[in-house]
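The values are calculated or read from the model by the stated rules, or taken from the named source; none is laboratory data. Given the structure is predicted, the values throughout are model-derived calculations rather than measurements. Here the Cβ is made from the backbone with ideal geometry for all residues, glycine too, and neighbour counts use every protein chain on show. Areas reflect the complete protein model, heavy atoms only, side chains present, ligands, DNA and RNA absent. Shrake-Rupley method; radii C 1.70, N 1.55, O 1.52, S 1.80 Å.
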Amino acid sequence: MTRSIGVRALVLSLVILAIFLAAWHVAVSGGGGGGQAVDPEYARLVGAAAATGGQTPMPGPIDVGKAIWKHMSDPFYVRGTNDMGIGIQLAYSLARVLLGFGIAVAVAVPLGFLIGMSPLVYRALDPFIQVMKPISPLAWMPLALYTIKDSALSSIFVIFICSLWPMLINTAFGVASVRKDWLNVARTLEVGPVRKAFTVILPAAAPTILTGMRISVGIAWLVIVAAEMLVGGTGIGYFVWNQWNNLSLTDIITAILLIGLVGMVLDQILARLTRLVTYPE
Amino acid sequence: MARSYISIEGIARRFPAPEGGRTTIFEDLWFAMERGEFVCVIGHSGCGKTTVLNILAGLDEPSEGAVIIDGKAIEGPSLDRAVIFQSHGLLPWRTVLGNVSYAVSSKWRDWPKAKVEDHARKAIATVGLTGAEMKKPAQLSGGMKQRVGIARALSIEPKIMLMDEPFSALDALTRGTLQDEVRGICRNTGQTVFMITHDVDEAIYLADKIVLMTNGPDARIAEIVTNPLPADRSRNEVHKHPAYYPLRNHIIDFLVARSRSFAEELAQPGKVWNRRAPPIVTPGTPDTPPPLVRAV
């Protein structure tokens with residue numbers, strides 16, 4: 001009997017996961033055998049990690065599993081500026097992303113509408129967009145820090161600037177490529193410009209606009225980690241960097257997994273929204 | 001002379017040509033239509049039929065000349081003139097009812113929602129789509145989509161209906177049924193219709209007047225054929241009428257040969273043709289003047 005492809009894919013995924021975890025376990029436990037003799041006095045001074053030759057052992061899947069369990073069982077504690085639960089750190093990052101992304105939506109969609117509706121503005125702004133688009137958002141960071149003089153706001157600005165371009169370009173493209181027939185329908189019905197924008201152009205361009213948003217939110221989530229490593233203070237990016245300074249690899253791996261999961265959820269939300277506004281022709 | 005209901009007066013349309021200069025699609029085109037007339041325009045692709053329709057709709061502007069409807073020159077699109085698009089032009093994110101309601105609420109902006117929907121449902125019922133109100137265009141067949149387009153046009157109770165090859169994308173059976181329905185609706189409501197087609201039988205069955213356009217560029221209205229068939233003709237009987245074959249042959253002759261060689265025909269000695277009043281012919285009737293006569 002053949003099962004559905006979904007079930008078979010799930011089984012295969014689990015098998016791959018099991019092989020990966022097993023390989024990881026074997027690789028980590030095999031290498032860590034030969035400890036050298038260290039002066040016990042020195043070991044007491046610098047701690048166990050340094051005592052085994054300056055090498056922090058690469059954690060195995062079981063160590064990471066324990067760390068994940070530890071973080072998940074108490075994600076929202078605050079015990080000082082450098083000791084907050086991973087949930088708090090993620091919430092900080094998410095809040096920055098949503099804020100920067102939200103401002104970018106508020107700017108990109110109306111501006112994209114304008115660009116898309118006027119071939120003149122489209123051509124006039126195109127060179128600027130083409131130059132601005134490939135700039136790494138982190139390159140804006142020093143300028144942002146200098147002008148805004150606030151690290152938290154600067155990271156939001158960086159998110160804003162990196163979310164802006166995909167949405168702007170997609171909105172302009174979506175608006176500019178609304179089918180002539182649909183615009184003619186609105187014209188023959190003497191529909192005014194505002195009503196036309198909301199009843200014809202917006203629904204027609206919505207799938208393209210939402211696709212732009214999906215790209216933007218993905219980029220924003222990539223960038224926030226790097227931005228927070230730079231500005232420090234709070235956030236999942238700062239957490240990763242802090243744990244690197246603590247040489248706590250289990251915490252870093254935990255954070256990496258969570259970053260991936262949150263990114264996936266953000267992407268799925270936008271994918272759902274895109275499906276809601278997509279119309280079959 | 002009293003002016004006709006629709007009067008196309010010396011319109012021209014030129015486009016900038018790719019290699020500089022300008023391409024003239026047509027120029028100095030004159031044509032008139034009366035209230036309640038069903039007019040079909042026949043001609044090959046590229047003769048500017050659709051451009052004429054778009055100018056009538058107000059979607060395009062003539063480079064020269066004007067179109068006067070009911071004593072007023074056309075300035076842009078109007079709810080008095082409904083367009084039925086070749087590609088149906090339905091908004092795919094709206095239901096059938098939503099598409100028709102959109103037109104109704106555009107015409108009567110202060111109507112409450114219930115009244116708008118009620119009116120839209122009536123128009124949908126007229127084209128026989130009751131039961132499909134909540135379907136999206138993608139769920140409909142080609143014929144049903146075109147029906148919705150017709151319902152949308154009818155719902156705003158236009159003074160003139162403009163149809164751009166409305167049935168050309170449909171299979172023969174569906175086309176026949178829709179032609180019957182459109183003919184019925186237009187006869188019952190006394191609609192004035194301007195329709196583009198390249199189907200000779202469609203023109204013969206539907207039209208009171210058939211406008212023959214020559215090939216572009218610089219297309220002309222070569223002749224206006226008045227339909228000699230009785231007004232209460234039926235699809236099954238139409239080919240038995242003695243005037244049917246002379247009429248059909250005349251039009252096919254035109255499409256096959258004369259539409260291409262009309263310039264040579266004009267150059268013949270004795271041939272006189274007036275742009276402002278293209279000859280009106282009625283094939284199959286004895287009083288049809290021979291094609292080569294008269295002065296301007």
Practice problem: Would you be able to tell me the number of residues in the stretch B:97-122 that are away from chain A (no Cβ under 14 Å) and part of a helix (DSSP H, G or I)? | Solution: 9
Quiz item: Do we have any residue at all in the stretch A:87-107 that's touching a strand residue (DSSP E or B) at 6+ places or on another chain (Cβ under 9 Å) and either open to solvent by less than 60 Å² (accessible area, probe 1.4 Å) or charged (D, E, K, R) (or both)?
Solution: yes
Quiz item: In the stretch A:165-202, what residues are open to solvent by 30 Å² or more (accessible area, probe 1.4 Å), within 11 Å of chain B (Cβ to nearest Cβ) and within 28 Å of A:ASP267 (Cβ to Cβ)?
Solution: A:LEU202
Practice problem: Answer yes or no: is there a residue in the stretch B:54-63 that is open to solvent by 10 Å² or more (accessible area, probe 1.4 Å), in contact with a strand residue (DSSP E or B) (Cβ under 8 Å, 6 or more places away or on another chain) and away from chain A (no Cβ under 14 Å). | Solution: yes
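Going through the stretch B:123-139 one residue at a time, which ones are in a loop (DSSP other than H, G, I, E, B) and touching a residue at least 40 places away in the same chain (Cβ under 8 Å)?
Taking the stretch B:123-139 first, the residues in a loop (DSSP other than H, G, I, E, B) are B:127-136.
Once the filter is applied, which keeps residues that are in a loop (DSSP other than H, G, I, E, B) and touching a residue at least 40 places away in the same chain (Cβ under 8 Å), the stretch B:123-139 yields B:VAL127, B:GLY128, B:LYS135, B:LYS136.
What residue, of A:VAL158, A:VAL178, A:VAL185, is in contact with a helix residue (DSSP H, G or I) (Cβ under 9 Å, 6 or more places away or on another chain), free of Cβ contacts under 8 Å to residues at least 24 places away in the same chain and of a type outside the set (Gly, Ala, Ser)? If you could, list the steps in order and put the result at the bottom.
Details: A:VAL158 fails: free of Cβ contacts under 8 Å to residues at least 24 places away in the same chain; A:VAL178 fails: free of Cβ contacts under 8 Å to residues at least 24 places away in the same chain.
When all the criteria are applied, what remains is A:VAL185.
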Quiz item: Can you name every residue in the stretch B:48-81 that is assigned to a strand (DSSP E or B) and without any contact (Cβ under 8 Å) to a residue 40 or more places away in the chain?
Solution: B:LYS72, B:ALA73
Quiz prompt | Residue count, the stretch A:196-224 (criterion: more than 11 Å from A:VAL178 (Cβ to Cβ) and not hydroxyl-bearing (Ser, Thr, Tyr)) | solution = 16
Self-check item: A:VAL277 being modelled with pLDDT under 95 and within 14 Å of another protein chain (Cβ to nearest Cβ)
Solution: yes
Quiz prompt | Output for the stretch A:206-252, where each listed residue is open to solvent by 30 Å² or more (accessible area, probe 1.4 Å) and more than 28 Å from A:TRP165 (Cβ to Cβ) | solution = A:TRP244, A:ASN245, A:ASN246, A:LEU247, A:LEU249, A:THR250
Quiz prompt | Failed condition for B:ALA151, given (1) closer than 28 Å to A:ALA205 by Cα; (2) within 13 Å of chain A (Cβ to nearest Cβ); (3) among the hydrophobic types (A, V, I, L, M, F, W, C); (4) outside any loop (DSSP other than H, G, I, E, B) | solution = (2)
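Give me a count of the residues in the stretch B:8-47 that are closer than 23 Å to B:SER168 by Cα and open to solvent by 10 Å² or more (accessible area, probe 1.4 Å).
Kept after step one, since they are closer than 23 Å to B:SER168 by Cα, are these residues of the stretch B:8-47: B:25, B:37-47.
Imposing the further condition that a residue be open to solvent by 10 Å² or more (accessible area, probe 1.4 Å) reduces the set to B:25, B:37-38, B:44-46.
Matching residues across the stretch B:8-47 total 6.
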Practice problem: List every residue pair whose Cβ atoms lie under 7 Å apart, where the two residues are 6 or more positions apart in sequence or sit on different chains, the first residue falls within the stretch A:60-85 and is touching a residue at least 40 places away in the same chain (Cβ under 8 Å), and the second residue, located anywhere, is among the aliphatic types (A, V, I, L, M) and surrounded by 15 or more Cβ atoms within 10 Å (Cβ to Cβ). | Solution: A:PRO61/A:LEU21; A:VAL64/A:ILE253; A:HIS71/A:ILE86
Quiz item: So which residues in the stretch B:112-132 are open to solvent by less than 60 Å² (accessible area, probe 1.4 Å) and over 22 Å from B:GLY184 (Cα atoms)?
Solution: B:VAL116, B:GLU117
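Taking into account only those residues within the stretch B:82-93 that are assigned to a loop (DSSP other than H, G, I, E, B) and within 22 Å of B:LEU162 (Cβ to Cβ), which is most open to solvent (accessible area, probe 1.4 Å)? Before the answer, list the steps.
Taking the stretch B:82-93 first, the residues assigned to a loop (DSSP other than H, G, I, E, B) are B:85-93.
Filter once more, keeping what is within 22 Å of B:LEU162 (Cβ to Cβ): B:85-91.
Working: B:PHE85: 19, B:GLN86: 83, B:SER87: 47, B:HIS88: 47, B:GLY89: 1, B:LEU90: 5, B:LEU91: 1 Å².
By that ranking, first place goes to B:GLN86.
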Quiz item: Between residues in the stretch A:233-257 that are over 19 Å from A:SER155 (Cα atoms) and residues that are among the hydroxyl-bearing types (Ser, Thr, Tyr), which pairs lie under 8 Å by C-beta distance while being six or more apart or on different chains?
Solution: A:LEU247/A:THR56; A:LEU249/A:THR56
Self-check item: Residues within the stretch A:116-164 that are open to solvent by less than 70 Å² (accessible area, probe 1.4 Å) and among the charged types (D, E, K, R), tallied
Solution: 2
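Identify, please: which residue in the stretch B:145-154 is open to solvent by 10 Å² or more (accessible area, probe 1.4 Å) and under 11 Å from B:LEU90 (Cα atoms) and is, among those, farthest from the chain's Cα centre (by Cα)? Reasoning before the result, please.
Initially, the stretch B:145-154 is screened for residues open to solvent by 10 Å² or more (accessible area, probe 1.4 Å), giving B:145, B:147, B:152, B:154.
This time we only want the ones that are under 11 Å from B:LEU90 (Cα atoms), so: B:145, B:147, B:152.
Details: B:LYS145: 19, B:ARG147: 17, B:ARG152: 17 Å.
Residue satisfying both the conditions and the ranking: B:LYS145.
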Exercise. Provide a single number: the residues in the stretch A:206-221 that are out of contact with any Ser or Thr (no Cβ under 7 Å at 6 or more places or on another chain) and within 14 Å of chain B (Cβ to nearest Cβ).
Key: 2
